[in-house]
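Peer 1: Supplied in C-alpha cells, the structure appears directly below.
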Amino acid sequence: MSVTIGEIEAAAARIAGRVRRTALEPSPTLSEAAGAEIRLKCEHQQLTGSFKLRGATNAILSLSEAERARGVVAVSTGNHGRALAHAAKAAGAPCHVCLSALVPAVKVEAVKALGAVVHVCGASQDEAEAEALRLAAREGLTMISPFDHADVIAGQGTLGLELSEQFPEIETAVIPLSGGGLLSGVATALKARRAGAARVIGVSQERGPAMAESLKAGRPVEVTETPTLADSLGGGIGLPNRLTFGLVKALMDQLVLVSEAEIAAGIRHAYWAERQVIEGGAAVGVGALLAGKVRSTGPTAVLMCGRNIDMALHHRIVSGEDVDLLDG
Ligand SMILES: *Cc1c(COP(=O)(O)O)cnc(C)c1O
C-alpha cells in the first residue's frame with residue numbers, strides 16, 4: 001500500500017487556495033552551527049497553525065457529497081482536530097472531535113471555536129479512538145485518521161512538493177515524526193522529485209516515541225504516554241496501522257530521538273535567533289540539529305510544522321526556565 005506522487009499532485013490541485021503556501025527561510029545561525037546550508041520551512045505559519053490543514057482539507061474534499069453531508073469525526077491531540085474543524089466548516093460539513101484529557105486546554109478551545117462538537121474522553125489517545133469509532137457507527141460519520149489515511153498522507157505530501165519547488169537542490173529533509181503521515185507524504189514527494197538525492201530524517205521525542213518503538217519491535221506496539229513538551233507527537237500509531245508503519249519503514253533514512261531539554265532548546269532558538277514562535281512538536285528538528293544529532297553535509301530543510309503552544313508555557317521556556325512537564 002502506498003501513496004503515489006500523482007495522488008499528491010492531485011491533492012495539491014484540490015487544496016490550492018484553501019491552504020497557505022508557506023515560506024522557506026534561510027537560517028544563517030543554524031547553517032553556521034551545522035556547517036551546511038540550512039533552511040527553515042515555516043509551516044507553523046499555516047492557517048490553523050499547523051500542516052495538518054493540508055491533509056484534513058484534502059480528505060474532506062475527497063469525500064462524496066453524501067458523506068460530506070453526514071459529517072466527519074476525528075481523534076486528535078489537537079492540531080488535526082483544529083485543522084479538520086476548519087476544513088469541515090469551509091466545506092459545510094458537520095465535524096466531531098474526540099480528545100484525550102492530556103490535550104492542553106488551549107487546543108480544546110480552539111477546536112470548539114471553529115464550530116466542532118468536542119468530546120473529551122479518557123486519559124489516552126486509544127480511549128478517545130474507541131469513542132470516535134462508536135460515534136462514527138452510530139451517526140454514519142466518516143472517521144478521518146490524523147495520519148493513517150491515504151488522502152491525509154497525500155495532503156501532507158503537498159508540503160514535500162512545495163519544498164522541492166522552493167529548494168530544488170535539497171538533499172536532506174528533517175521531519176518531525178509521530179504517526180508518520182507527515183513523513184510518509186513528504187518523503188514520497190521528495191523522493192519522486194529528487195530521485196536518489198533526497199534523504200529523509202525523522203525526529204521524535206524520547207518520551208514515548210511510538211514509531212521508533214514499533215520499528216524496533218517490527219510491528220506496531222503501544223507506548224506509555226508521558227507528558228512531553230512535544231505534545232503533538234504523543235500517542236500511538238494504532239495497533240491496526242494500515243499505511244504509515246510500512247511507509248515510514250520504507251521511506252525514512254534515519255530516525256533521531258530528542259530529549260526534553262533539546263526540544264526546549266529548539267523552541268528557544270526559534271524564538272531568539274529566528275524570531276519564530278513554534279510548539280514543542282515543531283521544535284524537535286531544530287533541537288536535533290543544535291544537539292549535533294543530524295549530520296548534514298548538503299542543502300537541508302528543517303521543518304517547523306506547528307505553533308499551537310500555550311503562550312504562558314512558551315514564555316517560561318524562552319525566559320530560560322527549565323520546564324519539565326513530568327514535575328506537574
Ligand atoms: C501531527 C503533528 C506532527 C506529527 O505528524 P505525524 O503525521 O503524526 O507524524 C508533528 N508536528 C505537529 C505540530 C503536528 O501537529
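Peer 1: With both partners inside segment 1-148, how many of the DSSP beta bridges are antiparallel, as a percent to the nearest 5? Provide the component values of the computation, followed by the final result.
Peer 2: Working: 3 of 14 bridges.
Around 20 percent of the beta bridges assigned by DSSP in segment 1-148 are antiparallel ones.
Peer 1: Among Ala105, Ala69, Gly49, flag the residue with its Cα farthest along the positive direction of the charge dipole of the chain, charges on Cβ as +1 for Lys/Arg and -1 for Asp/Glu.
Peer 2: Ala69
Peer 1: How large is ³J(HN,Hα), in whole Hz, for each residue of segment 208-214 in order, when computed from phi with the Karplus curve 6.51 cos²θ - 1.76 cosθ + 1.60 and θ = phi - 60°, using x for Gly and Pro?
Peer 2: Values, residue by residue: x, x, 4, 5, 4, 5, 5 Hz.
Peer 1: Also: Once you have a ≥ b ≥ c as the square roots of the Cα gyration tensor eigenvalues for segment 157-275, tell me rounded if a/c is under 1.5, and otherwise prolate or oblate according to whether a/b is larger than b/c.
Peer 2: Oblate shape, in that a/c is at least 1.5 and b/c is the bigger or equal ratio.
Peer 1: Under 5 Å between amide H atoms, partner at least 5 residues away or on a different chain: which partners does Gly306 have, H built in plane at 1.01 Å?
Peer 2: For Gly306, whose amide H was placed from the backbone, the distant partners under 5 Å are His44, Glu279, Ala282.
Peer 1: While we're on this one: Name the residues whose placed amide hydrogens come within less than 5 Å of the amide hydrogen of His119, ignoring near sequence neighbours (fewer than 5 apart) on the same chain.
Peer 2: So His119 has HN proximity to Val97, Cys98, Leu99.
Peer 1: Filter Lys112/Lys216; Lys107/Lys249; Lys89/Lys249; Lys89/Lys191; Lys249/Lys293; Lys112/Lys249 down to the pairs with a C-alpha to C-alpha distance above 28 Å, please. Display every interim value, and only then the final one.
Peer 2: Numbers: Lys112/Lys216 38 Å; Lys107/Lys249 30 Å; Lys89/Lys249 35 Å; Lys89/Lys191 34 Å; Lys249/Lys293 20 Å; Lys112/Lys249 36 Å.
Beyond 28 Å: Lys112/Lys216; Lys107/Lys249; Lys89/Lys249; Lys89/Lys191; Lys112/Lys249.
Peer 1: Short version: ³J(HN,Hα) in whole Hz for each residue of segment 50-63, in order, from phi by Karplus 6.51 cos²θ - 1.76 cosθ + 1.60 (θ = phi - 60°), x for Gly and Pro, what are they?
Peer 2: Computed from phi, the couplings for segment 50-63 are 7, 5, 4, 5, 5, x, 5, 5, 5, 5, 5, 6, 8, 6 Hz.
Peer 1: Determine the gain in length on full extension of the stretch Arg242-Met311; use 0.36 nm per residue of separation and subtract their C-alpha separation, reporting nm with one decimal. Kindly include the intermediate steps, with their values, before the conclusion.
Peer 2: On the way: separation 69, 0.36 × 69 = 24.84 nm, distance 3.58 nm.
Residue separation times 0.36 nm, minus the Cα-Cα distance, leaves 21.3 nm.
Peer 1: Quick one: Karplus J couplings for segment 81-92, per residue in order, coefficients 6.51, -1.76, 1.60, θ = phi - 60°, nearest Hz, x for Gly and Pro?
Peer 2: Computed from phi, the couplings for segment 81-92 are x, 5, 5, 5, 4, 5, 5, 5, 4, 4, 9, x Hz.
Peer 1: Suppose every K and R has +1 on its Cβ and every D and E has -1 on its Cβ; what is the size of the dipole of segment 100-163 about the Cα centre, in Debye to the nearest 20?
Peer 2: Working: 4 positive and 9 negative charges, 43 e Å.
Computed charge dipole of segment 100-163: roughly 200 debye.
Peer 1: Starting from the Cα-Cα distance between Ala250 and Glu25, subtract it from 0.36 nm times their residue separation and give me the gain in nm to one decimal.
Peer 2: Values: separation 225, 0.36 × 225 = 81.00 nm, distance 2.91 nm.
Gain on stretching Ala250 to Glu25: 78.1 nm.
Peer 1: Measure of size requested: the Rg and Dmax of segment 1-145, with Cα atoms as the atom set and Å as the unit; please supply both.
Peer 2: Spelled out, the Cα radius of gyration and Dmax of segment 1-145 are 17.2, 56 Å.
Peer 1: Can you tell me the length gained on complete extension of the stretch Ala130 to Lys112, counting 0.36 nm per residue apart and subtracting the Cα distance?
Peer 2: Values: separation 18, 0.36 × 18 = 6.48 nm, distance 2.07 nm.
Here the answer is 4.4 nm.
Peer 1: Which percent, nearest 5, of DSSP beta bridges in segment 130-272 are antiparallel? Show your work: numbers first, answer last.
Peer 2: Numbers: 0 of 10 bridges.
So the antiparallel bridges amount to about 0 percent of the total.
Peer 1: What is the magnitude of the charge dipole of the chain about its Cα centre, with +1 placed on the Cβ of each Lys and Arg, -1 on the Cβ of each Asp and Glu, and no other charges, expressed in debye to the nearest 20? Each step should come with its number before you reach the end.
Peer 2: Numbers: 31 positive and 35 negative charges, 170 e Å.
Dipole of the chain, to the nearest 20 debye: 820 debye.
Peer 1: Here's a follow-up. Using the beta-carbon distance between Glu206 and Ala66 and R0 = 45 Å, what value does 1/(1 + (r/R0)^6) give for FRET efficiency, to the nearest 0.05? Don't jump to the answer; show the numbers that get you there.
Peer 2: Values: r = 45 Å, r/R0 = 1.00.
FRET efficiency, Glu206 to Ala66: 0.50.
Peer 1: Between segment 132-180 and segment 2-78, how far is it from one alpha carbon centroid to the other, in angstrom?
Peer 2: That distance is 7 Å.
Peer 1: Starting from the eigenvalues of the Cα gyration tensor, five times each then square-rooted, give me the equivalent ellipsoid semi-axes of the chain, largest first, whole Å. Don't skip to the answer; put the middle values down first.
Peer 2: Values: eigenvalues 156, 103, 68 Å².
Largest first, the chain gives 28, 23, 18 Å.
Peer 1: I've got another one for you. Got a sec? Which residues in segment 159-177 would a label at Ser259 touch, if it sits 7 Å along Cα→Cβ and we count backbone N under 11 Å?
Peer 2: none
Peer 1: To check you understand DSSP bridge types, tell me what percent of the beta bridges within the chain (both residues inside) are antiparallel, rounded to 5.
Peer 2: On the way: 4 of 33 bridges.
Roughly 10 percent of the DSSP beta bridges within the chain come out antiparallel.
Peer 1: In addition: Could you state the orientation-averaged shadow area of the convex hull built on the Cα atoms of segment 215-328, in nm² to one decimal?
Peer 2: Values: hull surface 33.0 nm².
Convex hull of Cα atoms, orientation-averaged projection: 8.3 nm².
None of the figures in this text is laboratory data; all of them are computed from the coordinates on show. Just so it is clear, the structure is predicted and the values come from calculations on it, not from any experiment. Glycine gets a Cβ as well: all are built from the backbone with ideal geometry, and neighbour counts include every protein chain shown.
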